[in-house]
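What follows is a single structure, written as structure tokens, with notes after it.
The values are calculated or read from the model by the stated rules, or taken from the named source; none is laboratory data. Owing to the predicted nature of the structure, the values given are computational and were not obtained by experimental measurement. No Cβ is skipped: glycine too gets one built from the backbone with ideal geometry, and neighbour counts run over all protein chains shown. For the accessible areas, the whole protein counts, side chains as well, though only heavy atoms, and no ligand, DNA or RNA atoms are used. Shrake-Rupley method; radii C 1.70, N 1.55, O 1.52, S 1.80 Å.
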Amino acid sequence: MMDDERGQRRTGATEGWRFWIDRGGTFTDVVARPPGGGLRTRKLLSEDPARYEDAAVEGVRRLLGLESDEPIPAELVAEVRMGTTVATNALLEREGSPTLYVTTRGFGDALRIGYQDRPDIFALDIRLPAPAYASVLEVDERVGAHGEIVRPLDEEGARRGLEDARRAGLDAVAIAFMHGYAHPEHERRVAELARAAGFSQVSVSHETSPLMKLVGRGETTVVDAYLSPILRRYVGSVAARLGDVRLRFMQSHGGLTDAGLFRGKDAILSGPAGGVVGAVAVSRRAGFERVIAFDMGGTSTDVSHYAGELERSYESVVGGVRLRAPMLRVHTVAAGGGSVCAFEGGRYRVGPRSAGADPGPACYGRGGPLTVTDCNLVTGKLRPSFFPRVFGPDGGDPIDEAAAREALAAVAASMRAAGVEPPAPEQLADDFVRVACEAMARAIKRISTQRGHDITDHVLCCFGGAAGQHACLVADALGMTQVLLHPLAGVLSAYGMGLADVRALRERSVEAPLEEAGGPATAAALAELEAATLYELGRQGIAAAEVRVERRGHVKYRGTDVALPVPWAAPQDMAAAFLDQHHARYGFLMPGRGLTLEAVAVEAVGVGERLADERDQPRPAAPAAPADDGAVTPREIATVFTGGRRHEAPVFAREDLGPGASVEGPAIVCEATSTTVVEPG
């Protein structure tokens, strides 16, 4: 059965459960909407092999009330939407499929040379990241920039090289020839030879990244070939466990696509993209149009900026690999709740190592190291009485403050061994928390103030399991005065899957003077791209009447390398939009310099497919009646160490605080992550 036929049949299950899942490095969050409306949530450890095989499928089973070995009845589930870090982790850890890179003879080392960037400008011993490809095949062929055949394709040589590589165990091939983005005949022929040789994954540059610049186009094609088999196996295993259920995945550019169309090059930011979409949506509903999205999970922190439109990067470096593919502009730092805290090289260090889901932080009771979560527990910001008993080796113990203090004492001992007298335990823990917050504040500055944005009038939308513990410190470091914590902040990346649109995006190089943008060649390219995006959404059961089409031009100064996307319009209007953006971004203009239309892009958005609705949010219980003086009675009084001293802080449950309620700090506000059972979070 064809993918589109299966998809059309599956759309009949409109009244079943809908699941929105974010599979992160430490936790997997699941948000579900039952047929009767409302929302239910679950948070599970992403890796717990003793209890389940896959956290995403296990979350679906638990919310449906099924045992771990029970099959999932397809008639109960209308759709599953997922974001996953599987591809990201495979790229960072270099655990993708063994890949052959095929290119024009004489250019086999072009990707290794790259742009001669130096990761550390002062390092004498330069260590470049390992390439994603395992071997290179140079083929005799050459097409000129205008389509002329400079050197015919040596088909026999290509066939022999491909067969040798297949016998050597390589199963994926990436093909990127000089000028192949514009004149793809040789790439198409070698792709046919690769499939005949038995390669299961064949990626060609004129499909994966039809843009100029061999390095970015070639590396994007390699990544697609390298990750797609890994992704396909994971998607296949999830689909097999879910049965005949429509399964969609979040792409790096912020749109959903059917599982059968999900590709490696579009999966790098699959998980964080859901968080950005969710943060923007809930912030706008709360009346904020300028947003810093601050997603702090167990392994890392992702930050992004919004001021009217989703910001995308069209060339990014991830894991040492340069990608020319549209991605939401997200900056990641290795500072999460599970980031390991240590004293190394005479200074405090937080991350980049993470305790992960297993063993996790020391307080999880599985022998883990000191982490940011442990430090928050020691300072009193995490309250054990509000945590479920899901820790320890058997998953039935309370959170272990004693274990956190033992891990902190071990770090203090390492400081003494290095000849440094550590401060008191609470002060040491507070120091580590502040180091983590400074790293996160620097990350936010990188995507905001360093790009010309004044964020003092923005809202800091905090989400992820650990963001609430650091929101105020990060806001203070940035001069921000407004913080938004949505009722589903702990699982907002998963909730964002339900707020997302199904999208298809296509690009093509043009490289022509901007004044020629209204010509027939550009019009034909736009029409072809639009037809391709509409066809892709049509395969997913979305009618053209439910689609919004957006066109953009990528404009740059003539003779420069960096293009800025602007809405498609008359050439003079695109020029004005480009100049406004350029001045805001870089602070200067280049009068007299001509403008070039580098590329065109078309995005089709399935506006009828957004499913989550604010009315479905779980409503808090009626707030507790205030005392005669209007104050709300706290659940307990805690001793909190912050800002260099101890404070007696009231602890409130969020459901006790009605609309308009205010509390005077320092105070702690606790909120359940779930409307059912809460797992570690």
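Scanning the stretch 294-325 for residues being in contact with a Phe, Trp or Tyr (Cβ under 7 Å, 6 or more places away or on another chain) and at pLDDT 90 or above gives a total of 2. Could you grab me the full set of residues in the stretch 516-542 that are touching a residue at least 60 places away in the same chain (Cβ under 8 Å) and either of a type in the set (F, W, Y) or open to solvent by 50 Å² or more (accessible area, probe 1.4 Å) (or both)? Hits for the stretch 516-542 are E516, L534, R539. Exactly one residue among V222, V277 is at pLDDT 95 or above and buried (at least 22 other Cβ atoms within 10 Å of the Cβ), and that residue is V222.
I'd like the residue in the stretch 651-669 that is exposed (fewer than 14 other Cβ atoms within 10 Å of the Cβ) and either closer than 19 Å to A467 by Cβ or charged (D, E, K, R) (or both) and, out of all such residues, is modelled with the highest pLDDT. Please lay out each step first, then the result.
From the stretch 651-669, those exposed (fewer than 14 other Cβ atoms within 10 Å of the Cβ) are 658-660, 662, 664-665; that's our starting set.
Okay, now just the ones that are also either closer than 19 Å to A467 by Cβ or charged (D, E, K, R) (or both), so 664-665.
Details: E664: 84, G665: 80.
Per the criteria, the residue is E664.
Among residues of the stretch 359-371 that are under 17 Å from P384 (Cα atoms), those with a beta-carbon under 9 Å from a residue that is among the acidic types (D, E) and surrounded by 23 or more Cβ atoms within 10 Å (Cβ to Cβ) at least six positions away or on a different chain give the pairs P361/D374; A362/D374; C363/D374.
Look at the stretch 408-422: where a residue is under 11 Å from E344 (Cα atoms) and a partner is among the charged types (D, E, K, R), sitting 6+ places away or on another chain with Cβ atoms under 8 Å, you get M415/E421.
Scanning the stretch 379-411 for residues that are in contact with a Leu (Cβ under 6 Å, 6 or more places away or on another chain) and buried (at least 17 other Cβ atoms within 10 Å of the Cβ) yields a total of 4.
Checking the conditions here, which among V333, V318 is under 14 Å from the mean Cα position of the chain (by Cα), closer than 29 Å to P565 by Cβ, surrounded by fewer than 20 Cβ atoms within 10 Å (Cβ to Cβ) and touching a residue at least 60 places away in the same chain (Cβ under 8 Å)?
Working: V333 fails: surrounded by fewer than 20 Cβ atoms within 10 Å (Cβ to Cβ).
Result: V318 is the single residue among V333, V318 that is under 14 Å from the mean Cα position of the chain (by Cα), closer than 29 Å to P565 by Cβ, surrounded by fewer than 20 Cβ atoms within 10 Å (Cβ to Cβ) and touching a residue at least 60 places away in the same chain (Cβ under 8 Å).
Out of all the residues in the stretch 91-146, which are without any contact (Cβ under 8 Å) to a residue 60 or more places away in the chain and among the small types (G, A, S)? Hits for the stretch 91-146 are G106, G108, A123, A134, S135, G144, A145. Is there any pair with a first residue in the stretch 165-186 that is farther than 21 Å from L153 by Cα and in contact (Cβ under 8 Å) with a residue 24 or more places away in the chain and a second that is assigned to a strand (DSSP E or B) and open to solvent by 30 Å² or more (accessible area, probe 1.4 Å) whose Cβ atoms are under 9 Å apart and which are 6 or more apart or on different chains, and what are they? Pairs that qualify, where the first residue is farther than 21 Å from L153 by Cα and in contact (Cβ under 8 Å) with a residue 24 or more places away in the chain and the partner is assigned to a strand (DSSP E or B) and open to solvent by 30 Å² or more (accessible area, probe 1.4 Å), are A168/S135; L170/S135. Note on the stretch 468-479: residues that are outside any helix (DSSP H, G or I) and open to solvent by 10 Å² or more (accessible area, probe 1.4 Å) amount to 1.
Evaluate the following for F177: is it under 22 Å from F262 (Cα atoms), in contact with a strand residue (DSSP E or B) (Cβ under 9 Å, 6 or more places away or on another chain) and not small (G, A, S)?
In short, no.
Does V277 qualify as being in contact (Cβ under 8 Å) with a residue 60 or more places away in the chain and over 16 Å from the mean Cα position of the chain (by Cα)? No; evaluated as a whole, the condition is false for this residue.
When you go through S270, S237 one by one, which is the residue that is open to solvent by less than 20 Å² (accessible area, probe 1.4 Å) and of a type in the set (S, T, Y)? Steps first, please.
Details: S237 fails: open to solvent by less than 20 Å² (accessible area, probe 1.4 Å).
Of the residues listed, the single one that is open to solvent by less than 20 Å² (accessible area, probe 1.4 Å) and of a type in the set (S, T, Y) is S270.
With respect to the conditions (1) out of contact with any Phe, Trp or Tyr (no Cβ under 7 Å at 6 or more places or on another chain); (2) open to solvent by 10 Å² or more (accessible area, probe 1.4 Å); (3) not hydroxyl-bearing (S, T, Y), G465 falls short on a single one, namely (1).
Residue by residue through the stretch 63-74, note down the ones that are in contact (Cβ under 8 Å) with a residue 40 or more places away in the chain and farther than 19 Å from D258 by Cα. Spell out how you get there, then give the answer.
So the first thing to find is which residues in the stretch 63-74 are in contact (Cβ under 8 Å) with a residue 40 or more places away in the chain, and the list is 63-64, 71-74.
Matches in the stretch 63-74: L63, L64, P71, I72, P73.
Scan the stretch 153-176 and tell me whether some residue there is more than 35 Å from the chain's Cα centre (by Cα) and of a type in the set (A, V, I, L, M). Checked against the condition, which is being more than 35 Å from the chain's Cα centre (by Cα) and of a type in the set (A, V, I, L, M), the stretch 153-176 yields at least one hit. Considering every residue within the stretch 583-596, establish whether at least one is in contact with a Lys or Arg (Cβ under 9 Å, 6 or more places away or on another chain), surrounded by 17 or more Cβ atoms within 10 Å (Cβ to Cβ) and touching a residue at least 24 places away in the same chain (Cβ under 8 Å). Yes; the residues of the stretch 583-596 include at least one that is in contact with a Lys or Arg (Cβ under 9 Å, 6 or more places away or on another chain), surrounded by 17 or more Cβ atoms within 10 Å (Cβ to Cβ) and touching a residue at least 24 places away in the same chain (Cβ under 8 Å). Among the residues making up the stretch 480-505, those that are buried (at least 21 other Cβ atoms within 10 Å of the Cβ) and among the hydroxyl-bearing types (S, T, Y) are S493, Y495.
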